[in-house]
Amino acid sequence: MIKKFIRRIFGSSKKTDSRNQPVILGPKEHGINPQLLSPNAVRVTQTLQEAGFKAFVVGGAVRDLLLGVKPKDFDVATNATPEQVKRLFRRAFIIGRRFQIVHVMFGQELIEVTTFRGASSESAPKDEHGRVLRDNTFGEQHEDAERRDFSINAMYYDPASQTVLDYHNGIADIRNKTLRIIGVPEARFREDPVRLLRVVRFAAKLNFSIDPATRAPIQVMAPLINNVPAARVFDEMLKLLLSGHALACLHQLRNEGLHHGLLPLLDVVLEQPLGEKFVSLALSGTDDRVKQGKPVSPGFLFASLLWHQVLEKWNAYKAAGEYPIPALHLAADDVLNAQTEKLALQRKIASDMRDIWAMQPRFERRSGKSPYKLLEHVRLRAGYDFLLLRCASGEIDAEVGEWWTAFINGDGAAREELLAKKIRSEGESHAPKKRRRRSGRSKHKDASTGAPAESSNT
């Protein structure tokens, strides 16, 4: 009683930092539709809460829910440690080196569960440029919010109470369509340079403007991306290209000065009419497939982006006297070797790219058994779609694509007729022209028109 009286008169000795207290929004204020939530994400939060832990849907899922978009992935944040989370679920796996997380599996759906991260420790291992290498420090929820990259990704949603906890004015930034990094931009980019790419992806995907303070250091700090492991850069580039706004993302990369070193010569390609049209068509097609929920092949995507580099080197090797097919393989080797150092292209993706490129000269052989053999190729569809891109961009004659469309879709008789027509047309184009012997009368012309008065054939 005496302690309570003293606290009432003099106040508590522990002052509450207002920054540690979130703005709490109810269903009417945030407007989230519970039907957009994954039942498995709700199940994870409910299981953790029933075990006595805090648990919230967090990050990009909350951002998408606030924008009225059904999230593709759901992450959960909790004060339970990875080991405590793992014990609560039958199919749960602890992964991660820099910061341990738990993957909880429900059939094909994966729910990622992270423990609230604490304030970054000065003793955490870093490289010479300040990038944090490993940091398994756990902490309070407000510390976890401060560790997240952007204000719009630092909100927490509790499915049980249907409330949103907002620590960094994320709701206001969403309504103002502003992308703002939490904390000092230079320090946050130095901690993890991949955030430089995430800024571009979110700005293009959400059609948000970048806060001036967040944008200011981007171009200067762009070289820090070279210190990031190639596998992480590749993962981020793949997310960017499969965001459904790939073309906008690439233009944003160039605007922010981040394209150098990621896709060498990309800026040159986008400034050449033929190259720009080809890349634009490829990325527009990819964006359409993503929006329609159709699968997208990373191999096809990177094959499209790098084709004009291959084409340039291919032509150079042929001009130097190399035969076309070996020249193409040499060009592919040069381009893939240059890219692998920067993007850590997986072996499967690089193999798919080679197949797509190597098929292109084979589409020019439209006689004998060659077209039938090409129909049996495991990558026919990808190679054919790539051929159509080349036709649509004006790189090659549209007639080639039309012929192959008819051949692929035709039955046996139709295919034989196409081959016969091709042989006839080639025969006519290569046959020597016969000089017609004209009679003397054909030399006299009509006085009024200047045309021959009479042909020898009449």
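Quick notes
- Any hit, region 49-58, residues being surrounded by 16 or more Cβ atoms within 10 Å (Cβ to Cβ), of a type in the set (Gly, Ala, Ser), part of a loop (DSSP other than H, G, I, E, B) and out of contact with any Gly (no Cβ under 8 Å at 6 or more places or on another chain): no
- Counting the residues of region 343-379 that are within 26 Å of Leu240 (Cβ to Cβ) and of a type in the set (S, T, N, Q) gives 2.
- Some residue of region 316-329 being buried (at least 20 other Cβ atoms within 10 Å of the Cβ) and either at pLDDT below 95 or under 14 Å from the mean Cα position of the chain (by Cα) (or both): no
- Note on region 89-120: among residues that are open to solvent by less than 20 Å² (accessible area, probe 1.4 Å) and farther than 17 Å from Asp144 by Cα, the one that is farthest from the chain's Cα centre (by Cα) is Ala92.
- Within region 224-234, tally of residues that are surrounded by fewer than 17 Cβ atoms within 10 Å (Cβ to Cβ) and either modelled with pLDDT of 90 or more or among the aliphatic types (A, V, I, L, M) (or both): 2
- Considering residues of region 255-281 that are modelled with pLDDT of 80 or more and surrounded by fewer than 17 Cβ atoms within 10 Å (Cβ to Cβ) only, the residue nearest to the chain's Cα centre (by Cα): Ser280
- Conditions (1) over 19 Å from Asn315 (Cβ atoms); (2) open to solvent by less than 30 Å² (accessible area, probe 1.4 Å); number of the one not met by Asp411: (2)
- Selection from region 191-238 of residues that are β-branched (Val, Ile, Thr) and assigned to a helix (DSSP H, G or I): Val194, Val199, Val200, Thr214, Ile218, Val220, Ile225, Val233
- Single residue of region 174-201 satisfying the filter (open to solvent by less than 10 Å² (accessible area, probe 1.4 Å) and free of Cβ contacts under 8 Å to residues at least 60 places away in the same chain) that is nearest to the chain's Cα centre (by Cα): Val200
- Options Glu417, Glu428, Glu402, Glu364: the member that is open to solvent by 60 Å² or more (accessible area, probe 1.4 Å) and at pLDDT 95 or above: Glu402
- A count restricted to region 61-88 and to residues that are within 21 Å of Gln49 (Cα to Cα) and under 25 Å from the mean Cα position of the chain (by Cα) stands at 6.
- Every residue from region 35-48 that is more than 15 Å from Val104 (Cβ to Cβ), open to solvent by less than 60 Å² (accessible area, probe 1.4 Å) and assigned to a helix (DSSP H, G or I): Leu36
- Within region 378-406, residues that are within 13 Å of Ala303 (Cα to Cα) sit with their Cβ atoms under 6 Å from residues that are open to solvent by less than 20 Å² (accessible area, probe 1.4 Å) and modelled with pLDDT of 95 or more, at 6+ positions apart or across chains, in these pairs: Ala382/Ile356; Gly383/Ile356; Gly383/Met359; Phe386/Ile356; Leu387/Phe363; Leu387/Gly401.
The values are calculated or read from the model by the stated rules, or taken from the named source; none is laboratory data. Remember, it's a predicted structure, so these values are computed and weren't measured experimentally. Backbone-built Cβ (ideal geometry, glycine too); neighbour counts: all protein chains shown. These accessible areas exclude ligands, DNA and RNA; they are computed on the full protein's heavy atoms, side chains included. Shrake-Rupley method; radii C 1.70, N 1.55, O 1.52, S 1.80 Å.
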